[in-house]
Amino acid sequence: WAVGTSYVPGVVDNYGSISLTDTTKFRDVPLFWGSEYADFKGNGGGSSVMEGVLGCLNLVQVSSEGIMESNESNNVEVGGANKPGGDYLHLSVVMAMGRKYINVDTTTKDGIERAKVLALGSSGMADVIYSSLLQDVSSLFTSLNQGRMFVLIRHPIEREMARFRYLRRGQFERTKLNDWQRGNLQDMSYVEYAKSEFARDNWMTRELVNKRCIDGKGEDGRACASLDDKDVHTAKEILRRKALIGLYSDIMGAVQHYGRYFGWDNARKGGRFEDATMFCFQIHILEGMRKDALGGKDLDPNDAMEHSDAYVALMEKNRHDFELLTYAQTLYKYQVELS
């Protein structure tokens, strides 16, 4: 591991290096790591878009959809991983919105624990897993049976503003907000949100180095741990070694990059996706972008512009993530050239 960085056991040991051989690559399970707001339906720029896109390839996916569909089809109250319907003691494939999912939820800690008990990582049933909980979901894998991380990185200010719009409009169960939180968010402007405890502080950097911060507090309930240069260097090293990079600003190019790397739909080794597959991708990407704008009809668009008070406040909170974005842009160009 590089000098001047920290050793992060789960990420280092349980996610495969992107430079490993094809034989190892296709044995590992692809893991899409996305922003926490994107673990639910109805947003743009996160796993909702990717679930639609990869659904075009008829892949068996794992997110929150499989457990919700299992619950609803068995008339069970939707309560997350603690109240699953269907075959609770075994992994099974269910259909939701014309796509295939496994009946576990990898977007929550409880769901990940259940997936671990059911040996999801070594089951061979999943074609792709989604989670924002990078450290927690690493427990599904081992050094001999690794996950293979791929990401879609968005400008941190755009990401947080999109998250704000989503939280304002999202369903109660999906956004995990209490009544007080939802009421406050509904009344906020971009500026008020940017300066509130709801706006995240370097989410990507913190998740990579295991210094999670939620509503201004660490997981132990104390003040969030500070980030330093060593943390930023560590986050960069993890992206360099462990992540297949995609950029939201080039989302179609990113999807084709993923396809070439994982060998999806004849795209392996320089091939191209079928025309029908590309058309399906475009439909889901455009739909994701349309949904991305929802929840902001009563907001002043000028507040979301560069150099606005909201933009400056969010940049101050996410300067490390912006540095990671700049680094990821270089990695993306390098990876695409080699693919």
Subject >> Residues satisfying the stated conditions in the stretch 135-158, i.e. in a helix (DSSP H, G or I) and surrounded by fewer than 24 Cβ atoms within 10 Å (Cβ to Cβ) >> reply: Gln135, Asp136, Ser139, Ile157, Glu158
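Residue under question is Thr106, and the condition is that it be closer than 18 Å to Pro9 by Cβ, assigned to a loop (DSSP other than H, G, I, E, B) and either over 16 Å from the mean Cα position of the chain (by Cα) or not basic (Lys, Arg) (or both); does it hold? Write out each step before concluding.
Details: closer than 18 Å to Pro9 by Cβ: no; assigned to a loop (DSSP other than H, G, I, E, B): yes; either over 16 Å from the mean Cα position of the chain (by Cα) or not basic (Lys, Arg) (or both): yes.
Considered against the rule, which asks whether it is closer than 18 Å to Pro9 by Cβ, assigned to a loop (DSSP other than H, G, I, E, B) and either over 16 Å from the mean Cα position of the chain (by Cα) or not basic (Lys, Arg) (or both), Thr106 comes out as no.
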Subject >> Test set (1) over 18 Å from the mean Cα position of the chain (by Cα); (2) surrounded by 22 or more Cβ atoms within 10 Å (Cβ to Cβ); (3) at pLDDT 90 or above - Ala267 fails condition number >> reply: (3)
Subject >> Lone qualifier among Glu274, Glu207, Glu306 - being open to solvent by less than 20 Å² (accessible area, probe 1.4 Å) and either out of contact with any His (no Cβ under 6 Å at 6 or more places or on another chain) or among the aliphatic types (A, V, I, L, M) (or both) >> reply: Glu207
Subject >> Unmet requirement for Gly288, which otherwise passes all of (1) of a type outside the set (Phe, Trp, Tyr); (2) modelled with pLDDT under 90; (3) open to solvent by 90 Å² or more (accessible area, probe 1.4 Å); (4) assigned to a helix (DSSP H, G or I) >> reply: (3)
Subject >> Some residue of the stretch 210-219 being in a helix (DSSP H, G or I) and either surrounded by 14 or more Cβ atoms within 10 Å (Cβ to Cβ) or not small (Gly, Ala, Ser) (or both) >> reply: no
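Residue by residue, here is whether (1) open to solvent by 50 Å² or more (accessible area, probe 1.4 Å); (2) over 28 Å from Ile18 (Cβ atoms) holds:
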{"residue": "Lys236", "(1), (2)": "no, no"}
{"residue": "Gln256", "(1), (2)": "yes, no"}
{"residue": "Leu314", "(1), (2)": "no, yes"}
{"residue": "Asn318", "(1), (2)": "no, no"}
Subject >> The listed residue being of a type outside the set (Phe, Trp, Tyr) and at pLDDT below 80, out of Gly4, Gly55 >> reply: Gly4
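In this structure, does Leu244 turn out to be outside any helix (DSSP H, G or I), more than 30 Å from Arg99 (Cα to Cα) and touching a residue at least 40 places away in the same chain (Cβ under 8 Å)?
Numbers: outside any helix (DSSP H, G or I): yes; more than 30 Å from Arg99 (Cα to Cα): no; touching a residue at least 40 places away in the same chain (Cβ under 8 Å): yes.
It is false that Leu244 is outside any helix (DSSP H, G or I), more than 30 Å from Arg99 (Cα to Cα) and touching a residue at least 40 places away in the same chain (Cβ under 8 Å).
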Original post:
Do you know which of the residues in the stretch 100-119 that are in contact with a helix residue (DSSP H, G or I) (Cβ under 7 Å, 6 or more places away or on another chain) and open to solvent by 50 Å² or more (accessible area, probe 1.4 Å) is modelled with the highest pLDDT?
Top reply: Lys116
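The values are calculated or read from the model by the stated rules, or taken from the named source; none is laboratory data. Predicted model only: the values in this text are computed from it and were never measured. All Cβ positions, even for glycine, are placed from backbone atoms using ideal geometry, and neighbour counts span all protein chains on display. Remember, those area values only see protein heavy atoms, side chains included, never the ligands or the DNA or RNA. Shrake-Rupley method; radii C 1.70, N 1.55, O 1.52, S 1.80 Å.
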